[in-house]
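What follows is a single structure, written as structure tokens, with notes after it.
The values are calculated or read from the model by the stated rules, or taken from the named source; none is laboratory data. Values in this document were obtained by computation on a predicted structure and should not be read as measured data. Neighbour counts are summed over all protein chains in view; Cβ atoms, including those assigned to glycine, are modelled from backbone coordinates with ideal geometry.
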Amino acid sequence: MKISGHTLGTPNMSVPEALQLFHNAGIQAAEIIWADDYPAGIPEENNMAVVNEIKQSADDLGMEIAGLTPYMSDFNHLDPGPRQRDFRRMLACIETAATIRAPHIRVYAGNFKPGDRNRLEKWNWLVDSLHRLGEYAQQAGVLLCVENHFNTMTVSAAETVALVQAVNSPAVRILYDQANLTFTHNEPYEQAIPLQQKWISHVHVKDLVFIDPNKPFSADAVARVKAEDRSVRSRVVGEGILDWAAILSRLKEIGYQSYLSLEYEYRWHPQDLPEPEEGFRRSAETLSKILASL
């Protein structure tokens, strides 16, 4: 397993600056946001100059690009306009991932909030979109990794497995995020890893503590949770409630050998966390010690 940084944690830097920070923290790879109007990201259009600069920076530092993180989620929209728009955006992301030699793309499994209607119709459109995108991804040598994520159709590990089975594409896999499963009150790692083990191709690592463990999870968007809706606080890895030693041990048992991407949530919750230089260093040290002990 290899430790990766994530540019979610470096909102005030360029991507090359973030790569240098990760390198200084002893991190071997980087997951990069693919979105407009974010300094530590790759713009969606007219991005070749940025892509070439990132490739050169990564080569100079001997770093790998673990994957890209886009934010589109209308793959299951009942209106064909938004659905086709985000389909085309993902095609562009796949092309960028292949160009920058990024083997993974984080994928949101559509939009779906508790209480939403038309579940079956939205599910069917999601399966159709991801199956067709999987054909393009397979040709490009890229894996589309569907994340365990709130306000999508894969909030739980069981839902995520059901989706990848329905899509039935070798290029559509699972991004395992135990922190997301924990604060949405879904499966613990003892259940989540065995359920998903055949399809886990990427892993997000972060930590948290509950403010109120009995508060039902609620959010009005996919990408982030508003401050007033939060029931948790973000923490440096190893300083929260998640048992990362046990989680990594279980991942090793199932033969997982890919990236552990430090999704340091400094973009969304800087008030909870130390500055990125310190937070990434401490998180990487914790993961390195655990991996050495395994």
Next on the checklist: Step by step: first the residues of segment 215-245, then only those that are small (G, A, S) and within 19 Å of H185 (Cα to Cα), then the one that is surrounded by the fewest Cβ atoms within 10 Å (Cβ to Cβ). Which residue is that?
Outcome noted: A227
Item to check | segment 6-17, residues that are within 17 Å of the chain's Cα centre (by Cα) and not β-branched (V, I, T) | outcome: H6, L8, G9, P11
Item to check | Single condition K113 does not satisfy, out of (1) under 22 Å from E159 (Cβ atoms); (2) under 21 Å from the mean Cα position of the chain (by Cα); (3) modelled with pLDDT of 95 or more | outcome: (3)
Checklist outcome for this item: The residue from E95, E64 that alone is over 20 Å from H6 (Cβ atoms), touching a helix residue (DSSP H, G or I) at 6+ places or on another chain (Cβ under 8 Å), modelled with pLDDT of 95 or more and of a type in the set (D, E) is E95
Item to check | Residue check, Y256 over 25 Å from M72 (Cα atoms) and among the aromatic types (F, W, Y) | outcome: yes
Next on the checklist: Looking only at strands (runs of 3 or more DSSP E) that lie completely in segment 190-294, which have at least 1 residues being under 24 Å from V172 (Cα atoms) and of a type outside the set (F, W, Y)?
Outcome noted: 200-205, 259-262
Checklist entry - Within segment 145-162, can you find the residues that are in contact with a strand residue (DSSP E or B) (Cβ under 6 Å, 6 or more places away or on another chain), among the hydrophobic types (A, V, I, L, M, F, W, C) and in contact (Cβ under 8 Å) with a residue 40 or more places away in the chain? => result C145
Checklist entry - part of a loop (DSSP other than H, G, I, E, B) and either among the polar types (S, T, N, Q) or touching an Asp or Glu at 6+ places or on another chain (Cβ under 7 Å) (or both) - does that describe any residue in segment 61-75? => result yes
Checklist entry - For segment 237-268, which residues satisfy the criterion of being within 21 Å of E17 (Cβ to Cβ) and either free of Cβ contacts under 8 Å to residues at least 40 places away in the same chain or not basic (K, R) (or both)? => result Y259, S261, L262, E263, Y264, E265, Y266, W268
Checklist entry - Can you name every residue in segment 1-20 that is of a type in the set (A, V, I, L, M, F, W, C), crowded, with 21+ Cβ neighbours inside 10 Å and touching a Phe, Trp or Tyr at 6+ places or on another chain (Cβ under 8 Å)? => result I3, L8
Checklist outcome for this item: Subset of segment 42-70, residues more than 26 Å from T286 (Cβ to Cβ) and touching a Ser or Thr at 6+ places or on another chain (Cβ under 7 Å), comes to I42, N47, V51
Checklist outcome for this item: Given the conditions (1) at pLDDT 95 or above; (2) at positive phi, every one holds for I42 apart from (2)
Item to check | Candidate set from segment 84-133 (those that are assigned to a loop (DSSP other than H, G, I, E, B) and among the charged types (D, E, K, R)); member that is nearest to S169 (Cα to Cα) | outcome: R101
Next on the checklist: I'd like to verify a number: residues in segment 125-139 that are in contact (Cβ under 8 Å) with a residue 24 or more places away in the chain and either of a type in the set (G, A, S) or over 14 Å from D74 (Cβ atoms) (or both), how many?
Outcome noted: 9
Checklist outcome for this item: When every residue in segment 21-36 that is of a type outside the set (S, T, N, Q) and more than 15 Å from the chain's Cα centre (by Cα) is compared, the one surrounded by the fewest Cβ atoms within 10 Å (Cβ to Cβ) is D36
